[in-house]
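The values are calculated or read from the model by the stated rules, or taken from the named source; none is laboratory data. Everything quoted here is computed from the prediction, not taken from an experiment. Ideal geometry is used to build each Cβ from the backbone, glycine not excepted, and the neighbour counts take in all protein chains shown. Remember, those area values only see protein heavy atoms, side chains included, never the ligands or the DNA or RNA. Shrake-Rupley method; radii C 1.70, N 1.55, O 1.52, S 1.80 Å.
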Amino acid sequence: MTEPETNPTPKAAKPRAAAKPKPPAVPERKRGGAARAVADMLPDVGRAAFRRFGFVQSSVVTRWPEIVGERYAGVSSPESIRFPHGARSEGVLTLVVEGAHAVMMQHVAPAIVERVNRFFGYPAVARIAIRQGAAVRRPAPAKLRPAVAVSTEIGDSLRAIADPELRACLAGLAGALATSNGPPVMDIPVMGKVR
């Protein structure tokens with residue numbers, strides 16, 4: 001018989017997992033500076049969004065019925081104004097027009113160009129491109145209640161106001177206040193119900 005070995009060969013040790021080096025500590029960024037009001041940042045956001053879609057002035061979109069009239073604004077909406085590279089005049093106004101109204105809009109395109117240029121105050125638009133589609137519907141402006149007679153004292157003070165729209169609004173407000181009884185009543189929704 002053979003003698004058992006007294007010194008057996010040691011088993012191979014399992015290699016240890018290499019210790020991962022720790023990432024260097026990133027110093028915490030110091031915060032500072034004055035806080036900015038949200039209202040200061042919003043005009044920049046809106047301006048960037050309108051420029052992205054081709055509008056230099058957002059008022060063209062919001063005042064479209066005033067520019068072209070209710071008849072044409074009901075069937076069309078401005079989509080974009082594209083100017084030649086490096087210029088801010090002689091652009092192309094793209095309109096979205098509903099269905100069969102596109103033919104009518106082609107016939108009145110020179111009048112629309114004239115009205116848009118009058119709105120801008122310089123020849124901003126040279127021609128119109130028409131794309132058929134669904135025109136954006138804007139809610140109709142609230143109709144003013146019929147004017148209520150105001151006292152002669154208030155009427156005299158309103159005559160000094162040159163703007164006829166402002167004068168009419170203030171006369172309507174004065175008349176409404178004169179005919180009201182007590183404080184104004186407002187409907188305020190509370191938890192889905194109206195008080």
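Might you check whether a residue that is in the same structural domain as Thr62 (by the TED database) and under 25 Å from the mean Cα position of the chain (by Cα) occurs anywhere in the range 104-112? Yes, because at least one residue in the range 104-112 is in the same structural domain as Thr62 (by the TED database) and under 25 Å from the mean Cα position of the chain (by Cα). Among the residues of the range 77-128, those identified as open to solvent by 20 Å² or more (accessible area, probe 1.4 Å) and polar (S, T, N, Q) are Ser89, Thr94, Gln106, Asn117. A single member of Pro123, Pro139 is modelled with pLDDT of 90 or more, under 26 Å from the mean Cα position of the chain (by Cα) and part of a loop (DSSP other than H, G, I, E, B), and it is Pro123.
Each residue in the range 66-76 was checked for being surrounded by fewer than 19 Cβ atoms within 10 Å (Cβ to Cβ), under 15 Å from Glu98 (Cβ atoms) and not hydrophobic (A, V, I, L, M, F, W, C), and 3 of them qualify. Among residues of the range 36-75 being in a helix (DSSP H, G or I), at pLDDT below 85 and of a type in the set (Lys, Arg), the one that is farthest from Phe119 (Cα to Cα) is Arg52.
Which condition number does Pro78 fail, the rest of (1) assigned to a helix (DSSP H, G or I); (2) under 19 Å from the mean Cα position of the chain (by Cα) being met? For Pro78, the failing item is (1).
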